[in-house]
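*Asks:* Got a structure for you, questions after.
The values are calculated or read from the model by the stated rules, or taken from the named source; none is laboratory data. These figures come from a predicted structure and were not determined experimentally. Glycine gets a Cβ as well: all are built from the backbone with ideal geometry, and neighbour counts include every protein chain shown. The protein model used for the area step is the full one, side chains on, heavy atoms only, and it has no ligands, DNA or RNA in it. Shrake-Rupley method; radii C 1.70, N 1.55, O 1.52, S 1.80 Å.
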Amino acid sequence: MKNIDTYDFTGKRALIRVDFNVPLDDNQNITDATRIDAALPTIRKILASGGSTILCSHLGRPKKIGEPKLSLRHLVPYLEKVLNTTVKFADDCMGQSAVDLSANLKPGEVLLLENLRYYEEEEGKARLPETATDEEKAAAKVRVKAAQKEFTKKLASYADCYVNDAYGTAHRAHASTALVAAYFPNDKMFGYLMNNEVSNITKVLHEAQHPFTAVLGGAKVSSKIEIINNLLSKVDNLIIGGGMMFTFIKAKGGKIGGSLVETEYLDLARNIMAGAEKLGVNIIIPSDAVAANAFADDAERQICKSDEIPDGWLGLDIGPDSIKHLSEVLLGSKTILWNGPMGVFEMCNFQKGTKEIALAIAGATANGAFSLVGGGDSVAAVNKFHLADKVSYVSTGGGAMLESIEGKVLPGVKAILED
Ligand code: AMP
């Protein structure tokens, strides 16, 4: 793989896989441009280094070619504004316009290709009516896989080098994220966003300074099992908060009232706790909770032990003793990974636990710890409490980030790394 900082882009056309899957309103105006903004350093660097850029992305989940609502054309005005240049648009990523516009691209010019997912070849999955028979499905699978090769080859033919800056889709083995890299064995690299994500996650998972504390929260244990399994061999402390803590508390014989629980995961919770003990990992489950008599912000509240929640009450946040203890653990940590809120932080009366934990992580960071926050709701929480710039790194990778901390090598990352 090559390095974007040292690669010679002079006169080269760079195919950049970006994640421009931005939300649009009913009039196709961008309502949140974060994902576009995140790719700008990479685009600007290549343009400033004498290269030209061919931007390609998916937008939404189109069912067929040319769904007007999901056209990347809607992004052109914004891109022109932030890049301060004309953006050419190829209205069919596999059409003659894409061939001609890319062939004639001059240094400093920007071309945007139409939505890659207009073609089923991008994902490599046949779009069939629900009534399709098994034979039809099997035949379509073979057909799409063959067509995907042609799609990938054509996409590659537009450019001289390939840059993947779409971390948010790096966990998908699609044509533009994983397959096209093979056409650029000596001219493929990560963009800055992708590089940041990969290096910060690597720092936490493989180069952590100890003590290393992982804070997991959110609603369900079931969605975090692989993360827990991967982290157990790496961390010193594993804090389990949020709704998922009650499955562990119940597994230990505690009374959890009407709190969230996944009864089919009680044995698994016991196994996790036993596994942690064997490995010498300190599993920390909050000792007290803010219980409510209804799942509502204006419900009646009381602080109780997290394993003595009365019937008719449910734990919606961690309590003051837990906040104190968890904060001490966090402030004594050198590496912190946080995924998932400690309580129902969307409601004012149950946000304190999440806020205080975010503040403790910010405090530890100020004292020199390395902290990585990732996964939709924890990112929303640090943003809500204006602490995003007080932690070391906020991953915007969503599903890709979660798969990384499950220990998986993402197809989009592997395609760049492998020879
Ligand atoms: P997840 O997507 O699994 O990370 O879960 C995030 C959601 O978990 C957020 O919407 C929180 O409101 C919710 N959550 C956190 N703590 C609790 C709790 N004690 N009871 C119910 N929901 C919770």
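*Asks:* For Lys255, enumerate residues with amide H under 5 Å from its amide H, sequence gap 5+ or separate chain, H modeled in the peptide plane.
*Replies:* It is Glu308, Ile309, by chain and number.
*Asks:* Taking K and R as +1 and D and E as -1, what net charge do the other residues with C-beta under 12 Å from the C-beta of Val18 add up to? Walk me through the numbers before you get to the answer.
*Replies:* Numbers: positive: Arg17, Arg35; negative: Asp19, Asp37, Asp165.
Result for the local shell: -1.
*Asks:* Still on this structure: Determine which lysines satisfy two conditions relative to Lys63: a Cα distance under 23 Å, and not lying fewer than 8 residues away in the same chain.
*Replies:* Hits, sequence-local ones excluded: Lys125, Lys137, Lys141, Lys145, Lys149, Lys153, Lys154.
*Asks:* Can you return the lysines within cross-link range of Lys45? Criterion is Cα-Cα under 19 Å, with same-chain partners fewer than 8 residues away left out.
*Replies:* Filter leaves Lys2, Lys12, Lys81, Lys88, Lys106, Lys188.
*Asks:* Considering only the other residues whose Cβ falls under 14 Å of the Cβ of Met194, what net charge follows from Lys and Arg at +1 and Asp and Glu at -1?
*Replies:* Neighbour charge sum, excluding Met194 itself: +3.
*Asks:* For the modelled label position 7 Å from the Cα of Asp25 along Cα-to-Cβ, which residues of the range 61-95 have backbone nitrogen atoms closer than 11 Å?
*Replies:* Taking a point 7 Å out along Cα→Cβ of Asp25, no residue of the range 61-95 has its backbone N under 11 Å.
*Asks:* While we're on this one: Counting only protein heavy atoms, what percent of the accessible surface of the range 208-405 is carbon or sulfur at a 1.4 Å probe?
*Replies:* For the range 208-405, the apolar C and S fraction of the accessible surface comes to 50 percent.
*Asks:* What order do Asp317, Asp419, Asp134, Asp100 take when sorted by accessible area (1.4 Å probe), most exposed first?
*Replies:* Working: Asp317 5, Asp419 175, Asp134 110, Asp100 70 Å².
The ordering from most to least exposed comes out as Asp419, Asp134, Asp100, Asp317.
*Asks:* What accessible area, in Å² to the nearest ten, does a 1.4 Å probe give for His325?
*Replies:* 90 Å²
*Asks:* Using only protein heavy atoms and a 1.4 Å probe, report how much of Lys125 is accessible, in Å² to the nearest 10.
*Replies:* For Lys125, solvent-accessible area is about 130 Å².
*Asks:* In the range 185-265, what chymotrypsin sites (Phe, Trp or Tyr not before Pro) fall in a loop by DSSP, with at most 16 other Cβ atoms inside 10 Å? Could you put the intermediate results ahead of the total?
*Replies:* Numbers: sites: Phe190, Tyr192, Phe212, Phe246, Phe248, Tyr265; in loops: none.
In loop regions of the range 185-265 (DSSP not H, G, I, E or B), there are no sparsely surrounded chymotrypsin sites (Phe, Trp or Tyr not before Pro).
*Asks:* Heavy atoms only, 1.4 Å probe, whole protein assembly: order Thr85, Thr354 by accessible area, highest first.
*Replies:* Thr85, Thr354
*Asks:* In addition: Rounded to the nearest angstrom and ordered from largest down, what semi-axes does the equivalent ellipsoid of the chain get from its C-alpha gyration tensor (root of 5λ)?
*Replies:* 43, 24, 21
*Asks:* Run the dipole for the range 208-405 about the Cα centre, Lys and Arg Cβ at +1, Asp and Glu Cβ at -1, nothing else charged, and hand back the magnitude in debye, nearest 20.
*Replies:* Taking the Cα centre of the range 208-405 as origin, the dipole is about 420 debye.
*Asks:* Given the options Asn349, Thr365, Ala299, identify the residue whose Cα lies farthest towards the positive end of the charge dipole of the range 208-405 (+1 on Cβ of Lys, Arg; -1 on Cβ of Asp, Glu).
*Replies:* Thr365
*Asks:* Heavy atoms only, 1.4 Å probe, whole protein assembly: order Lys390, Lys234 by accessible area, highest first.
*Replies:* Highest to lowest solvent-accessible surface, that is Lys390, Lys234.
*Asks:* Taking 0.36 nm per residue of sequence separation and subtracting the Cα-Cα distance, how much length would be gained by fully extending the chain between Gln209 and Glu130, in nm to one decimal?
*Replies:* Full extension of this stretch gives 23.3 nm more.
*Asks:* At R0 = 22 Å, how high is the FRET efficiency between Asn271 and Ala219 if r is their beta carbon distance? Nearest 0.05 is fine. Walk me through the intermediate numbers first.
*Replies:* Details: r = 20 Å, r/R0 = 0.93.
In this case the efficiency is close to 0.60.
*Asks:* Take the Cβ-Cβ distance between Arg61 and Phe295 as r, set R0 to 25 Å, and report the resulting FRET efficiency rounded to the nearest 0.05. If you can, show how the numbers build up before the last one.
*Replies:* Numbers: r = 31 Å, r/R0 = 1.24.
Between Arg61 and Phe295 the formula returns 0.20.
*Asks:* Among rounded, prolate and oblate, which fits the range 151-301 when a ≥ b ≥ c are the square roots of the eigenvalues of its C-alpha gyration tensor, a/c under 1.5 means rounded, and a/b larger than b/c means prolate?
*Replies:* Verdict is prolate for the range 151-301.
*Asks:* Could you tell me what percent of the DSSP beta bridges with both partners in the range 13-190 are antiparallel, to the nearest 5?
*Replies:* Restricted to the range 13-190, the bridges split so that about 5 percent are antiparallel.
*Asks:* Now for a different question. Can you list the DSSP H helices in the chain whose Cα atoms extend at least 30 Å along the helix axis and whose mean Kyte-Doolittle hydropathy is 1.6 or higher?
*Replies:* Span-like helices, by this rule, are absent here.
*Asks:* So, one more: Tell me the per residue accessible area of the chain using a 1.4 Å probe; a whole number in Å² is fine. Let's see the in-between values first.
*Replies:* Values: 18440 Å² over 419 residues.
Ligands and nucleic acids excluded, the result is 44 Å² per residue.
*Asks:* Identify which of Ile256, Ile65, Ile336 has the largest mean-square fluctuation in a Gaussian network model of the chain, with springs joining Cα atoms closer than 10 Å.
*Replies:* Among Ile256, Ile65, Ile336, the largest mean-square fluctuation in the Gaussian network model of the chain belongs to Ile65.
*Asks:* Considering only DSSP states other than H, G, I, E and B, which trypsin sites (Lys or Arg not before Pro) in the range 23-77 qualify as loop sites with at most 12 other Cβ atoms within 10 Å?
*Replies:* Of the trypsin sites (Lys or Arg not before Pro), the ones in loops of the range 23-77 whose Cβ has at most 12 other Cβ atoms within 10 Å are Lys63, Lys64.
*Asks:* Using 1/(1 + (r/R0)^6) with R0 = 30 angstrom and r between the beta carbons of Asp100 and Arg44, what's the FRET efficiency to the nearest 0.05?
*Replies:* About 0.75, to the nearest 0.05.
*Asks:* Ok, one more. How large is the charge dipole for the chain, taken about the Cα centre, if only the Cβ atoms of Lys, Arg (+1) and Asp, Glu (-1) carry charge, to the nearest 20 debye?
*Replies:* Dipole size: approximately 800 debye.
*Asks:* In the range 208-405, what % of DSSP beta bridges are antiparallel (nearest 5)? Don't skip to the end; give the middle numbers.
*Replies:* Numbers: 9 of 29 bridges.
Here the share of antiparallel DSSP bridges comes out near 30 percent.
*Asks:* Return the loop-located GluC sites (Glu not before Pro) in the range 89-169 (DSSP other than H, G, I, E, B) with at most 12 other Cβ atoms within 10 Å of their own Cβ; answer none if there are none.
*Replies:* Answer in residue order: Glu130.
*Asks:* Find out how many positive minus negative residues lie around Glu277, taking Lys and Arg as positive, Asp and Glu as negative, among other residues whose Cβ is under 15 Å from that of Glu277.
*Replies:* Summing Lys/Arg as +1 and Asp/Glu as -1 gives +2.
*Asks:* Hey, another quick one. In a Gaussian network model over the chain where Cα atoms closer than 10 Å are linked, find which of Gly319, Gly217, Gly95 has the largest mean-square fluctuation.
*Replies:* Answer for the Gaussian network model of the chain: Gly95.
*Asks:* Averaging sequence separations of C-alpha pairs under 8 Å and six or more residues apart, then dividing by the length of the range 208-405, give the relative contact order as a whole percent.
*Replies:* Relative contact order of the range 208-405: 21 percent.
*Asks:* Follow-up. With the chain treated as a Gaussian network of Cα nodes joined by springs under 10 Å, which of Gly332, Gly399, Gly353 yields the largest mean-square fluctuation?
*Replies:* Highest fluctuation among the options: Gly332.
*Asks:* Using θ = phi - 60° and the Karplus relation 6.51 cos²θ - 1.76 cosθ + 1.60, list the HN-Hα couplings for the range 12-26 in order, rounded to whole Hz, with x at every Gly or Pro.
*Replies:* Rounded to whole hertz, the list is 9, 9, 9, 7, 10, 7, 10, 9, 9, 7, 8, x, 10, 8, 5.
*Asks:* Mind checking which lysines have their C-alpha under 24 Å from Lys224, skipping anything on the same chain fewer than 8 residues away?
*Replies:* Excluding near neighbours in sequence, the set is Lys203, Lys234, Lys250, Lys252, Lys255, Lys278, Lys334, Lys352, Lys355, Lys384, Lys408, Lys414.
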